[in-house]
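Only the coordinates and a few stated rules stand behind these numbers; no lab work does. Model, not experiment: these values are computed from the prediction. Note that each Cβ is placed from the backbone with ideal geometry, even for glycine, and that neighbours are counted across all protein chains shown.
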Amino acid sequence: MRRSEFHRAVSDEFGARAGAVVTDLVLSAVGGRTAADAIAAGVDPREVWLALCDELDVPAERRYGVGRQQLRRR
């Protein structure tokens, strides 16, 4: 998962709360850091995304393959 995909997935899942979720919620699964701090420290965005999902009870069907842009057909 790329950073852009991470941010798209967070925005799609949490809407208006996305910014607060990334900067305020401390996640024990990524070393007691916020998502923003974990990514800045080099933690894989997929690991951070899954830690957010675990912490906020995101259903499994909305965890995998999210954040990717739809391919445009020519």
Per-residue ellipticity at 222 nm attributable to helices in the chain (runs of n ≥ 4 DSSP H, -39500 (n - 2.57) apiece, nearest 500 deg cm²/dmol) works out to -13500 deg cm²/dmol
In degrees between 0 and 90, to the nearest 10, how far off the longest principal axis of the chain does helix 3-14 point, with axes built from Cα atoms? 90 degrees
Could you give me the radius of gyration and the Dmax of the chain, taking only the C-alpha atoms into account and expressing both in angstrom? 12.1, 45
Most exposed first, judged by fewest Cβ atoms within 10 angstrom, Ser11, Ser4 run Ser4, Ser11
Name the long-range amide H neighbours of Thr34: under 5 Å, sequence gap of 5 or more, or other chain; modelled H, no Pro or chain starts. Leu27
Size of the dipole of the chain about the Cα centre, Lys and Arg at +1 and Asp and Glu at -1 on the beta carbon, nothing else charged, in debye to 20? 660 debye
Between the Cα axis of helix 45-55 and the main Cα principal axis of the chain, the angle (0 to 90°, nearest 10) is 70 degrees
Two-site label geometry, Arg62 and Ala16: point separation in nm, points 7 Å out along Cα→Cβ: 1.7 nm
